[in-house]
Amino acid sequence: MRKMHLVAYMKTGPSASYPSTWRHPTATLDDLFEPTRWERIAQVLEAGFFDACFFADGLGVPDLYKGNFDDYVARGGQLSLLDPMTLLPLMARVTTRLGLGATLSTTFHNPYNLARSLGSLDILSKGRVAWNVVTTAREFEAQNCGEEGLPPKDQRYDRADEILEACTALWEGWDADALVLDKQSGVFADPSKIRYANYKGKYVASRGPLSIPRSPQGRPVIMQAGSSDRGRAFAARWAEMIFCSPATKSAALAYRTDIRARMDAIGRNPDECAVLPSFTVVLGETESIAREKAAFIESQVDPELVIAAASWSVAADLSVIDDEGALVAQSGNQGVQGHRDRMMQVAKAKGISFAQAVRLPRDMVVGTAAQVADMMEDWFKSGAADGFILPPTVFPTTFEEVATMLVPELQRRGLFRTRYAAATLRGNLLDAG
């Protein structure tokens, strides 16, 4: 039987997805800057046989809502208080199978430094690194990188294609057996098995060779979240994991069907990419306990933070916008299509206006392990998903409960692994069960 994949969504700030949950009694804050926080959660996820975790990230503090960052900062938005690249080595040290992902932009990084940093981590983790490839979509991030504004979306994706081409050429510049390490003969490495990349595109270039040898999985796993037509074309070409956030099962099914058709059309095996919708779950020993827990979480939600966070998502000030047309007009070249699509899907599914939809926190999947597994199994078996991205409703409680309550239920149904099949992240993603 085909097995589903689970990936944990992480942030290095007070909350990762659901607004205001840093205020929850079980949420930990005193260890935000302690290495043990990140080491411990990595061990929890590996004990739950997660394929990977990845850190969503950005290049600045959002100031889109009301034209300043006051609400987003004061109310505890999805801030990146640490560079995730500094945390992955800590997490790699205390695990042996869990995949470890970082978000890095192709818009403001050059291919050599990207290939070098990610390749180094991939070697040190013995082949467990994933790169969540993003094209920066917000003006304030461009300004933080010394630019007046963003390039057009298509140009950002064209550059991203070149970045991936260049990084691939650099990673493939070392044969797997290039390192000889023979003290007796005095040969450290075989230069005939190391090559220049000599990559030159319209936007980036890199001569090489890379100074980093080949990792056990060859190169990092590529993760992506393309939703626009251009983004989907990019994902179909490169992605091995896709993070998406459809609001309904039908939207998820349509998205996965489209991605697989695009992959097939360009000669890629669709089974070599896992499409992973995001589920926000609340688990309880009984349904009433789960619903009580969800109600308490909802009672703590700060309405201003919901709108401030939604403003960041769509790259527009939602304090002055009440319909999709005004959103498109204000955001212009900014914004993430997937977030806009999801808001429109929510409005349609609930029969409410766009202005009402943007003021709602994400729907939660609430119930016992069996009830939540029922929904996951339905999406999985119907072809709407290859697995799921799970953000923490409350950190670290959600991941602890998923590992000890939900995972055993999925295993009992034969839907999820009971052991890791491979030592590398790519190996576990490609394992059919």
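The values are calculated or read from the model by the stated rules, or taken from the named source; none is laboratory data. The shown structure was predicted, so the numbers you read here are calculated from the model rather than taken from an experiment. For neighbour counting, all protein chains shown are included, and Cβ atoms are generated from backbone atoms with ideal geometry for every residue, glycine included. Calculation scope for accessible area: heavy atoms of the full protein, side chains included, ligands and nucleic acids excluded. Shrake-Rupley method; radii C 1.70, N 1.55, O 1.52, S 1.80 Å.
Numerical summary
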{"quantity": "Between helix 111-124 and the chain: long-axis angle, C-alpha atoms, 0 to 90°, nearest 10", "calculated": "90 degrees"}
{"quantity": "Extension gain, residue 126 back to residue 229 (0.36 nm per residue minus Cα-Cα distance, nm)", "calculated": "33.6 nm"}
{"quantity": "Counting DSSP beta bridges with both ends in the chain, the antiparallel % (nearest 5)", "calculated": "15 percent"}
{"quantity": "Fluctuation leader among 290, 403, 349 - the chain, Gaussian network, Cα springs under 10 angstrom", "calculated": "349"}
{"quantity": "For the chain, convex hull volume per residue from C-alpha positions, Å³", "calculated": "146 Å³"}
{"quantity": "About the Cα centre, charge dipole magnitude for the chain (Lys/Arg +1, Asp/Glu -1 at Cβ), debye", "calculated": "1060 debye"}
{"quantity": "Sorted peptide list for 221-228, 179-186, criterion being average Cβ within 10 angstrom, highest first", "calculated": "221-228, 179-186"}
{"quantity": "Helical mean residue ellipticity (222 nm; -39500 (n - 2.57) per DSSP H run of 4+; nearest 500) of the chain", "calculated": "-11500 deg cm²/dmol"}
{"quantity": "For the range 177-332: accessible area per residue (Å², 1.4 Å)", "calculated": "47 Å²"}
{"quantity": "Nearest-ten-degree value, helix 287-299 long axis tilted from longest Cα axis of the chain", "calculated": "90 degrees"}
{"quantity": "Per-pair calculated FRET efficiency, R0 = 41 Å: residue 177 and residue 143 via Cβ, rounded to 0.05", "calculated": "0.35"}
{"quantity": "Between helix 249-265 and the chain: long-axis angle, C-alpha atoms, 0 to 90°, nearest 10", "calculated": "20 degrees"}
{"quantity": "Heavy atoms of residue 410: accessible area, 1.4 Å probe, square angstrom to 10", "calculated": "0 Å²"}
{"quantity": "Percent carbon-and-sulfur accessible area, the range 42-193, ignoring ligands, DNA and RNA, probe 1.4 Å", "calculated": "51 percent"}
{"quantity": "Above-threshold pairs, the threshold being 30 Å between Cα atoms, out of 3/193; 153/193; 126/249; 153/348; 126/202", "calculated": "3/193; 153/193; 126/249; 126/202"}
{"quantity": "Two-site label geometry, residue 34 and residue 74: point separation in nm, points 7 Å out along Cα→Cβ", "calculated": "3.0 nm"}
{"quantity": "Dipole-positive endmost among 120, 131, 95 within the range 95-153 (Cβ charges, Cα centre)", "calculated": "95"}
{"quantity": "Distance in nm between pseudo-label sites at residue 264 and residue 249 (7 Å out along the Cβ direction from Cα)", "calculated": "2.2 nm"}
{"quantity": "Accessible surface ranking that places the most exposed of 128, 256, 237 first, with a 1.4 angstrom probe", "calculated": "237, 256, 128"}
{"quantity": "Estimated vicinal HN-Hα couplings, Hz - the range 148-154 in sequence order (Karplus 6.51, -1.76, 1.60; Gly, Pro = x)", "calculated": "6, x, 8, x, x, 4, 4"}
{"quantity": "Per residue value of the accessible surface for the range 1-119 (all protein chains in place, 1.4 Å probe), Å²", "calculated": "39 Å²"}
{"quantity": "Extension gain (nm, one decimal) between residue 363 and residue 292, 0.36 nm per residue minus Cα-Cα", "calculated": "24.0 nm"}
{"quantity": "FRET efficiency estimate (nearest 0.05) - Cβ-Cβ, residue 155 to residue 86, R0 30 angstrom", "calculated": "0.45"}
